[in-house]
Amino acid sequence: MLSLSRPSLYPFKLKLGLLLFSVVLLMSGLMGAFQYFFVKHLLEDNFRQNRRMIEERIRNTVADADRMNLLVERPMEEEARPILEAVRSHYSSTGGIGFDLQPFIADKPDMDLYIIDRSYTVIASTNPGDIGLNFKPYSDFTRYLDGVVREGGFAGSRISLSLNKSNLTKFCYLPSGDGQYIFETGTLIDPRLLMLKTSTFDNFETAVVQENPFIDRVILYDYLGVSYKKDGNGLNYRVEGTHLPAFAQAKDTLETVETEAVYGGKKAIHQYVPYRLVNASGSNEINVIEIIYNEDSLRQSLLRNLLVSTILVLAAACIAGSYGFYRSRAITKPIQAIASGIQKISRGDYEVSLDIRSNDEFALLGRKVEQMAGEIRELLEERGRIQHELENSLRENQSSYFETVRALVNAIEVKDAYTRGHCERVMDYSLAIGRAMNLSRQELHDLRFGSILHDIGKIGIPEHILNNQGSFGPEEFEMMKRHPAIGDKLLEGLHFLDNSRKIVHEHHERVDGTGYPRGLKGSEIGLLSKIVSVADAYDAMTSVRPYRKKVMSPEDAVRELERQSGTQFDARVVQVFVMLLAGGQDQHNHGAG
């Protein structure tokens, strides 16, 4: 009498749920990653667009402030010209520079007067603190002074910062007639006067910074890297040493330069924008605007995007896993009912009534089990009559088991129209090889059940993978590789199939150790499994498959078996099978049905 333990089917439900959870998690993760990087690109591109717009706006704002300064500077030039001409005339008439400069600007409290010699040194001034000031280190300025001497006429540079105190000053120049000296005026520009004319060089950025939280600072520097704006201690800001190369590049190339550096303890983008002063001449023609952008808003947006993507991925995976766990009952419940009926039969209880409400092969299989139980019950009732009838009943019982198995196999093949009839053909080939190799009766019995059930695990593989029209992707192939282990698990507890289960589990192993699912090698693989492996491969090669519409001829299939002999297949089994085929044993029709 059969002895069957109750099969554990709940793990299969769990596995199906986990499988769907994993697949959806992977797909959702890929979609989430795509969405994240797409949105990240959009946000970063938007940030770049904002920077370009801010750069243009600041250029325009600086230009407005520059024009305001120009309006203030023009009267200063008109005021400085007659004073410098008077100094030059006095020098020409006296022939020397040993005269007092103060009388020339007696009524000009905001103006200083200077005499610069050809060594670019201030040798006389109404401001004693500037005497001895040497301009040789400032090559741009000395070139400008040389040009003033060559031209020989009055020249006024644009707005500048004084070297000693970095005050906003208007400088004008007139060379002596003999070219030995340059007379210079420096008029302090009253900040209050500029403030009356809207934005200035030291406050033009206020509105921009207030309106754009992603801007930390905006400062305008002169050609020496000194700002027109002073800090709380009254000192002018200067370009930091590490940023001087970017500052110089922007000034020399007249192109915007961007660098990344730390500002206020956080990573920031430092942008250096060149600006040419209106009607400028002299050393201070090119100024540079420094704009410091923080990435706080960009990082917050990216973090929100990542959080939303993660939540959506996990939610989709959880929903899919729950749905898969719920829907798995449609498969496991009929199998559980059939297994329970077989369990009752194994205990000698033949009053079997299975409540299978599905309208598919499981219902047919259930009726077969009920029919089998009824037949066994009737046979046992007649048991006392004739021993011959009892033996016939036992043979019918074995046949019923096999028919039950065959019905289960049909349930698998319904999912895959391309492999219908495949399992029975593999069984016929396998039994022919087994008989030719003089296997025992019990081995042939095990081979019969193992060969027809070798693909039972495909019941757990989704139909879209079984009927895939092209080559498998990595994830699909990994799922297909699970069917031997799934089949072994489904037959667990059916002790009369213990030896056949080994065939189900090993029929995709290779003698060179590269097969699956366990990578067994050589003698580690059972002989019956090696037989089914050859029969399965031959039928697959000579039958239509969704991924291969053209059927391989028997001759080509034999050559492929021989080519893989000793690597994929057992050499002895291949030799026996080829001899059988040569004797005309392959009489099957290998169509799609």
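The numbered conditions (1) at pLDDT 70 or above; (2) crowded, with 18+ Cβ neighbours inside 10 Å are all true for residue 353 except (2). Among the residues of the stretch 7-24, is there at least one that is at pLDDT 75 or above and in contact with a helix residue (DSSP H, G or I) (Cβ under 9 Å, 6 or more places away or on another chain)? Yes - at least one qualifying residue is present in the stretch 7-24. If you check residue 551 against the conditions, is it in a helix (DSSP H, G or I) and either among the aliphatic types (A, V, I, L, M) or at pLDDT 90 or above (or both)? Spelling it out, it is not the case that residue 551 is in a helix (DSSP H, G or I) and either among the aliphatic types (A, V, I, L, M) or at pLDDT 90 or above (or both). Could we say that residue 122 is surrounded by 14 or more Cβ atoms within 10 Å (Cβ to Cβ), among the aliphatic types (A, V, I, L, M) and either in contact with a Cys (Cβ under 8 Å, 6 or more places away or on another chain) or part of a helix (DSSP H, G or I) (or both) here? Answer is no for this residue. Criterion applied to 319, 289, 311 was being touching a Leu at 6+ places or on another chain (Cβ under 7 Å) and either closer than 27 Å to residue 209 by Cβ or at pLDDT below 85 (or both), and the one residue passing it is 289.
When 413, 403, 463, 389 are checked against the criterion of being in contact with a Ser or Thr (Cβ under 7 Å, 6 or more places away or on another chain) and either modelled with pLDDT under 70 or surrounded by fewer than 16 Cβ atoms within 10 Å (Cβ to Cβ) (or both), a single residue qualifies: 413.
The one condition from (1) in contact with a strand residue (DSSP E or B) (Cβ under 9 Å, 6 or more places away or on another chain); (2) in a loop (DSSP other than H, G, I, E, B) that residue 496 does not meet is (2).
When the strands (runs of 3 or more DSSP E) confined to the stretch 193-305 are screened for residues that are crowded, with 18+ Cβ neighbours inside 10 Å and under 42 Å from the mean Cα position of the chain (by Cα), those reaching at least 3 such residues are found at 215-221, 266-276, 286-294. For the stretch 455-472, a tally of residues being closer than 21 Å to residue 550 by Cα and in a loop (DSSP other than H, G, I, E, B) returns 6. Figure legend. Inter-residue proximity from the stretch 241-255: first residues of a type in the set (Ser, Thr, Tyr), second residues outside any helix (DSSP H, G or I), beta-carbon distance below 8 Å, spacing 6+ or different chains. Indicated pairs: 242/261; 253/274. Among the residues of the stretch 60-111, those identified as in contact (Cβ under 8 Å) with a residue 24 or more places away in the chain and within 18 Å of residue 175 (Cβ to Cβ) are 77, 80, 81, 83, 84, 85, 87, 88, 91, 92, 97, 101.
Look at (1) farther than 15 Å from residue 118 by Cα; (2) part of a loop (DSSP other than H, G, I, E, B) and you find that residue 137 fails only one, number (1). With respect to the stated conditions, residue 498 is of a type in the set (Asp, Glu) and under 25 Å from residue 435 (Cβ atoms).
Quick one: would you say residue 290 is of a type outside the set (A, V, I, L, M, F, W, C) and under 19 Å from residue 218 (Cβ atoms)? Yes: the conditions hold for residue 290. Among the conditions (1) at positive phi; (2) at pLDDT below 90, residue 566 misses just one, which is (2).
Taking only the stretch 143-168 into account, find how many residues are closer than 14 Å to residue 224 by Cβ and either modelled with pLDDT of 90 or more or part of a helix (DSSP H, G or I) (or both). Going through the stretch 143-168 one residue at a time, the tally reaches 1. Determine, yes or no, whether residue 533 is part of a helix (DSSP H, G or I), within 43 Å of the chain's Cα centre (by Cα) and among the hydroxyl-bearing types (Ser, Thr, Tyr). Judged against the criteria, residue 533 is a match.
Among the residues of the stretch 490-517, those identified as at pLDDT 90 or above and touching a Pro at 6+ places or on another chain (Cβ under 9 Å) are 504, 505, 506, 507, 508, 509, 516, 517. Within the stretch 230-284, being closer than 30 Å to residue 146 by Cα, touching an Asp or Glu at 6+ places or on another chain (Cβ under 9 Å) and of a type in the set (D, E, K, R) holds for one residue alone: 276.
The values are calculated or read from the model by the stated rules, or taken from the named source; none is laboratory data. Note that this is a predicted model, so its numbers are computed, not measured. Virtual Cβ from ideal backbone geometry, glycine too; neighbours counted across all protein chains shown.
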